[in-house]
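Participant: Structure provided below as structure tokens; questions to follow.
The values are calculated or read from the model by the stated rules, or taken from the named source; none is laboratory data. Treat the numbers as computed from the prediction; the structure is a model and nothing was measured. When we count neighbours, we look across all protein chains shown, and the Cβ atoms used for this are built from the backbone with ideal geometry, even at glycine.
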Amino acid sequence: MFAVKIPRNESRRTTLKLGLAAAFGAVFPGSLVAPRKAGAQDQTQQPSGASKAVVGSQEKPFSFDALSAQMQEAAKQDYAAPESDLPDSVANLSYDQHRAIRFRPEQALWRAEAGEFHLQAFYPGWVFKDTTKIFIGTGGVYEQHVFDASDFEYRPPLDPSQFQSLNLGGVAGFRIHAPLQRPDYFDELVTFLGASYFRALGTGTRYGLSARGLAINTATSETEEFPRFTAFYIDQPQPADSSIRIMAEMHSQSLTGAFLFVIAPGDTTTIETTCRLYPRTDITRLGIAPLTSMYTFGENDHSDHEDFRPEVHDSDGLFIVRATGEQLWRPLNNPETLALSYFQESNPRGFGLLQRDRDFSHYQDTEARYDLRPSLMIETMGDWGNGTIELVEIPTDSEANDNIVAFWVPEEKATAGKAMEFRYRMLWGLSTEDPTLMARVSGTYVGIGGNAAEAKDNPTSRRFAINFQGGSIHNLPPDAKLEPQVDIPSNARLLDSSLSRLPDGGWRLSLEIEREDSQPVELRVKLSMLQRIVSETWLYQWTSKT
């Protein structure tokens, strides 16, 4: 059965942010079932540039350092919950009413100018009751751009005359368009909409997973916060610019922050990011560079749904590149209960949620086109020190729910009065992995082990088939001596293993494993030859469901 999807011009990810909070509220006592109204202070109460019509001057240009200093000072003040500045007629729009409002493309900023970027705004209301302000700048002087009611089209069932006199102090968010697919058409490139959520596209992709500016107390006993970008300072693009520069201010109950994004469209769109954070209180778990995606079922996670589609997911695995260069691949699951996985690292090179499977026949969905959902890789910049990459997998029975979250948790605690900075590069596209001589996992298949008729009475046995493709082992003869290195924890035992050549040139490692208790079984596999590692490392969490 197909889930009802919010049209692409709405933010499906923002809506599912509410579902994410509800999921944690059901799991962790004391958490809210619906998220609090966490975000920036009311703009009239903030000592920030967002409360001014013009920010900066020719004598003293407004810079990222200036924004950072402003946010650091704001963190010293008590938090005040935002007050809605929307008229009731806008704040109380229903889903159908809100989706009937569209920005007029002919009103896009910079449309009449020679350049590579246009900007359109999203109308507030429905679930987007907290607005953000947009400042456009040249030479360090930023002036607020106030969108007029006439910038939007009001379609049935709405009466346009009821909206023409309304004053919009801010908007729900915005999107940047650029000639991504061809030079004569401006495609959607990146969308900022809802809290600190945003998502981007590379050439040939469709919107899928999302990123967030920050995650606070995700999957903890504390109430999860959703920090909010309350103002954006966007450099007006010049005709020769191949990238666009955006600064953003962040507010939340526990901290303030300043973000800098430099966005360059391409086959792989890059967003070079700097975030500076200023906690006003101690934070239990600070999630840096959080990624949010959807995994309902796939080749390794058999579905109980009667669905004609073989797989439904925006991402199929977590990819980690360690400081040593070792590459880890962890297939995603849709567990029966909340599942948390922790990967302790020291200054990792990167991590990401990827969609490796690009074969349409594996999805058979002509509408959603999951085969075209972008992968998103985080490349760290500078020294990130010690910490943990955390993977959260939430049970779901609907593809409308984003149930996968991954982020970096620094070992250094976020305490009141401390200043923290992280720099990283985001890669959005069909392929975001660097070329390598290491074979990569191209598929993970899980089923009952041994004799099928007997194994049904023995749910503790499973067979895992892991396909490896590419790298230096691709052209090896079928009788090559590859050695699998298999790590089995103490609560399971290996019954059988075999390695065989696939018809397309890859290799398949088959394992039959029996579990000895109901606890998750953490499996680890890689291939070697002549005492050299020749593949990435496959990781898997075998729960009672799989």
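Participant: Would a scan of segment 46-53 turn up a residue that is of a type outside the set (D, E), buried (at least 19 other Cβ atoms within 10 Å of the Cβ), assigned to a loop (DSSP other than H, G, I, E, B) and at pLDDT below 80?
Facilitator: Yes: segment 46-53 contains one or more residues that are of a type outside the set (D, E), buried (at least 19 other Cβ atoms within 10 Å of the Cβ), assigned to a loop (DSSP other than H, G, I, E, B) and at pLDDT below 80.
Participant: Any residue at all in segment 495-504 that is part of a loop (DSSP other than H, G, I, E, B) and either more than 34 Å from the chain's Cα centre (by Cα) or more than 26 Å from R373 (Cα to Cα) (or both)?
Facilitator: Checked segment 495-504: at least one residue is part of a loop (DSSP other than H, G, I, E, B) and either more than 34 Å from the chain's Cα centre (by Cα) or more than 26 Å from R373 (Cα to Cα) (or both).
Participant: With the requirement that a residue be surrounded by 14 or more Cβ atoms within 10 Å (Cβ to Cβ) and polar (S, T, N, Q), what does segment 78-103 give you?
Facilitator: Within segment 78-103, S84, Q97 qualify.
Participant: I'm checking my understanding of the structure. Among residues of segment 287-316 that are among the acidic types (D, E) and in a loop (DSSP other than H, G, I, E, B), which one is nearest to the chain's Cα centre (by Cα)?
Facilitator: D314
Participant: Residues that are hydrophobic (A, V, I, L, M, F, W, C), closer than 16 Å to R206 by Cβ and in contact (Cβ under 8 Å) with a residue 40 or more places away in the chain: which strands (runs of 3 or more DSSP E) entirely in segment 320-388 hold 1 or more of them?
Facilitator: Counting at least 1 such residues, we get 350-354, 375-381.
Participant: Another one. Can you name the number of the only condition in (1) farther than 20 Å from F464 by Cα; (2) under 17 Å from the mean Cα position of the chain (by Cα); (3) among the hydrophobic types (A, V, I, L, M, F, W, C) that F319 fails?
Facilitator: Against the list (1) farther than 20 Å from F464 by Cα; (2) under 17 Å from the mean Cα position of the chain (by Cα); (3) among the hydrophobic types (A, V, I, L, M, F, W, C), F319 comes up short only on (1).
Participant: Could you check how many residues of segment 195-212 are touching a Phe, Trp or Tyr at 6+ places or on another chain (Cβ under 6 Å) and either in a loop (DSSP other than H, G, I, E, B) or of a type in the set (A, V, I, L, M, F, W, C) (or both)?
Facilitator: 6
Participant: Follow-up. Tell me which of these T388 doesn't satisfy, since it passes every other one: (1) polar (S, T, N, Q); (2) surrounded by fewer than 23 Cβ atoms within 10 Å (Cβ to Cβ); (3) touching a Lys or Arg at 6+ places or on another chain (Cβ under 7 Å).
Facilitator: T388 satisfies every listed condition except (3).
Participant: Here is a further query. Restricted to segment 218-227, and to residues that are of a type outside the set (V, I, T) and in contact with a strand residue (DSSP E or B) (Cβ under 6 Å, 6 or more places away or on another chain), which residue is surrounded by the fewest Cβ atoms within 10 Å (Cβ to Cβ)?
Facilitator: It comes out as E225.
Participant: Identify the single condition in (1) buried (at least 24 other Cβ atoms within 10 Å of the Cβ); (2) out of contact with any helix residue (DSSP H, G or I) (no Cβ under 7 Å at 6 or more places or on another chain) that T230 does not satisfy, given that it satisfies every other one.
Facilitator: It fails just one condition, (2).
Participant: May I pose another question? Out of curiosity, is Y445 touching a strand residue (DSSP E or B) at 6+ places or on another chain (Cβ under 9 Å), surrounded by fewer than 20 Cβ atoms within 10 Å (Cβ to Cβ) and in the same structural domain as G470 (by TED's automatic domain parsing)?
Facilitator: yes
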